[in-house]
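Scroll down for the structure; my scribbles are underneath it.
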Amino acid sequence: MAWCEAPVAIESAPGPRELLGRNRRTVLLQWCMLAPLFGLAVGVAGWLGVELFDGHLWGIRLYWNLPAGLRFGLLTAFGAGLGAALSLSAWGQWTVFARLWLPLTGRLPRAAMDFLEDAHRRGVLRQVGAVYQFRHARLQQHFARPQYVARPPTSPAGESFQRRG
């Protein structure tokens, strides 16, 4: 697995899009290599657990055969691999936050990378190696402040009634 994660010099990477693409390929390669081994280990450990308890646990009959063990191992490997890929890698965090969460909450456009590249072309962001940075510290401070949504003033219930005529 260490071979798959050979460090990439961020300064020499062509750009953020290419760096995320490389990280995505690495994550998928690791998942394809590790998931079958993890699934097999879970399946064998489950079978050993059932045998250790002689097929009964607190009065409940445990049923374990090869198809059930393979299915359980496969689903566990898929879920664990997906969770690890989305939470422990740069590509996964980009996918969850910049591609899903922030656009759904209206804080970032759906095409986030296109938005960042456009901001770079317009001079708002600068590219340092394979990352974008705000060009001006005051701009970064402005966007780092918590956003307060101004609500229209509410009037007491009696004042909202208007007389006609």
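Each reported figure results from applying straightforward, stated rules to the coordinates on display, with no laboratory input. The structure presented is a predicted model; accordingly, all values stated were derived computationally and were not measured. Counting neighbours? That spans all protein chains shown, and the Cβs are built from the backbone with ideal geometry, glycine included.
Summary table
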quantity: Theoretical gain in end-to-end length, Leu104 to Leu139 [0.36 nm per residue, Cα-Cα removed]; calculated: 10.2 nm
quantity: For segment 104-118, Karplus couplings with θ = phi - 60° (6.51, -1.76, 1.60), whole Hz, Gly/Pro x; calculated: 5, 8, x, 9, 8, x, 4, 8, 5, 5, 4, 4, 5, 5, 5
quantity: Estimated inter-spin distance, Phe72 and Ala41, nm [label 7 Å along Cα→Cβ]; calculated: 1.7
